[in-house]
């Protein structure tokens, strides 16, 4: 099997395994039933009850992963209804990549479920990954009888959160989508073919137009993608979002919380596809309490918990999963009182990196201007691609990282790129929030990829990646009205991916969004920004020579988020 095949297999195995199954000890009652949508297509539903089948609050999940893909264990106080999305598993019809027809199915199934004998009229929604995405995509419709929802590790905007972040096709998750949905569709195909022989063509056509191929057929954020993203809130439903800073879809949870905060949403960053730290429960306890309170009326105080609860790494993802983490909380996101410290990309050597330039991150803009170049060639995903590498960690990659630490560190990858590093911190600095990289840059090809990695550098010199920023140079524009601005600075740029604008050898100023970081940089550690070639998991174009302008009054700079109580300026001796 190829490296790509092995990696995709690991992704598939992890996502299929995620989420506890309904307990066997209670001898559950299981009822299989076909639901007929308004267009005549039949969807397979599975109702599971831990006791005698009777009206109860019912948790509903819409999954493309076939039979037995329920991702939340509920107690005997609830029934659980698993609905296999059209064109997947045992359901007929054409898979539409969680588009308008699947979204309409969500409403129709909820209307039906609310009136069924197993329901007492109170419904809740559960979703993980794709089953959360279809719900985010459906929120512009009124969702009948829904009292609350728990949505974990799902994208808010499928284009920019997962499959084409920064306008760069994300190959491996796209391939994983095809495999995850295609595998159960193949296994369960005989039953579907017996009912409707033509359905195999619908299934194949739907799968072909989604996942990996979606980014190739729709490279810009066009109408097809807009139908598969957030389109507004037609509900007043309290939603708990659960995810982790290292998740492949981490951005979606932050954006969704901001959109639904007024409806009483909470955000818990405690684990996602990549797993949860040792000693924690991946958010299961909070999710259970959330449903008990908002669906069953249990007075458990969950609504009084901080709206935003964060589990932060202390310098390294692997140590974080081993239980070495810090916590932070606040009343909103970004945490109120967060400040963004500008750090100039400085041509002065830091003496701490073995890169092409060994530049510095400085509190003040250096007077000297320089242009520094690096060759953008594919980089090793385990080093430079934190979101994609993290999702396969539990399938053996973490153990490999423990055996060969260099595979998950940036020291080798950065040798072919540019680095910019602070002096050693004199005190701890806690960072949580999105980052913005302002980058005057020119390239030698019509389109190249900007790939920026933020790392925590330990006193022994090892460089541990924390988050990434990705941007195709064909998209220089930003939607100012949808960008996050603090004190007049754009701290989270909202890229405009509607129209490509290639340029060769023309310097343009790019604003690169780095997905939120959540990390305690300990005293003695350094903060490092690395510019390297695009991850091999996200092929873009031919190699390009990228040239960055640093120093001077308008040279490149990084806007770095610092939580209240931390002082980056003081930690750097400023």
Spot the failing condition for residue 153; the list is (1) at positive phi; (2) at pLDDT 95 or above, and only one is missed. (2)
Take residue 263 and tell me if it is farther than 19 Å from residue 305 by Cβ and either over 16 Å from the mean Cα position of the chain (by Cα) or buried (at least 24 other Cβ atoms within 10 Å of the Cβ) (or both). no
Does the range 504-520 contain any residue that is within 30 Å of residue 327 (Cα to Cα) and over 22 Å from the mean Cα position of the chain (by Cα)? no
Going through the range 453-481 in order, the residues found to be farther than 27 Å from residue 422 by Cβ and free of Cβ contacts under 8 Å to residues at least 24 places away in the same chain are 479, 480, 481
Does residue 132 satisfy the criteria of being in the same structural domain as residue 35 (by TED's automatic domain parsing), closer than 21 Å to residue 261 by Cα, touching a helix residue (DSSP H, G or I) at 6+ places or on another chain (Cβ under 7 Å) and surrounded by 23 or more Cβ atoms within 10 Å (Cβ to Cβ)? no
The one condition in (1) under 17 Å from residue 470 (Cβ atoms); (2) buried (at least 22 other Cβ atoms within 10 Å of the Cβ); (3) modelled with pLDDT of 95 or more; (4) more than 21 Å from the chain's Cα centre (by Cα) that residue 528 fails to fulfil: (1)
So, residue 248, is that one farther than 22 Å from residue 387 by Cα and either touching a strand residue (DSSP E or B) at 6+ places or on another chain (Cβ under 6 Å) or in the same structural domain as residue 169 (by TED's automatic domain parsing) (or both) or not? no
Checking the condition over 22 Å from residue 441 (Cβ atoms) and surrounded by 24 or more Cβ atoms within 10 Å (Cβ to Cβ), which residue from 487, 456, 460 passes? 456
Whether any residue in the range 95-115 is at pLDDT 95 or above, part of a loop (DSSP other than H, G, I, E, B) and in the same structural domain as residue 230 (by TED's automatic domain parsing) is what I want to check. yes
Go through the range 119-158 and count every residue that is assigned to a loop (DSSP other than H, G, I, E, B) and within 16 Å of the chain's Cα centre (by Cα). 5
Taking the range 342-371 only, how many residues are more than 14 Å from residue 422 (Cα to Cα) and surrounded by fewer than 16 Cβ atoms within 10 Å (Cβ to Cβ)? 5
Between 404, 386, 380, which is loosely packed, with under 15 Cβ neighbours inside 10 Å and assigned by TED's automatic domain parsing to the domain that holds residue 550? 404
Here are the criteria: (1) farther than 15 Å from residue 148 by Cβ; (2) touching a residue at least 24 places away in the same chain (Cβ under 8 Å); (3) touching a helix residue (DSSP H, G or I) at 6+ places or on another chain (Cβ under 9 Å). Tell me which single one residue 303 does not satisfy. (1)
If the requirement is being in contact with a helix residue (DSSP H, G or I) (Cβ under 7 Å, 6 or more places away or on another chain) and surrounded by fewer than 21 Cβ atoms within 10 Å (Cβ to Cβ), which of these qualifies: 503, 536, 523, 480? 536
All positions within the range 229-286 that are part of a strand (DSSP E or B) and closer than 15 Å to residue 71 by Cβ: 240, 241, 242, 243, 272, 275
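The values are calculated or read from the model by the stated rules, or taken from the named source; none is laboratory data. What you are looking at is a predicted structure, and each value in this text was computed from that prediction instead of being measured. Methodologically, a virtual Cβ is constructed for each residue, glycine included, from the backbone with ideal geometry; neighbour enumeration extends over all protein chains shown.
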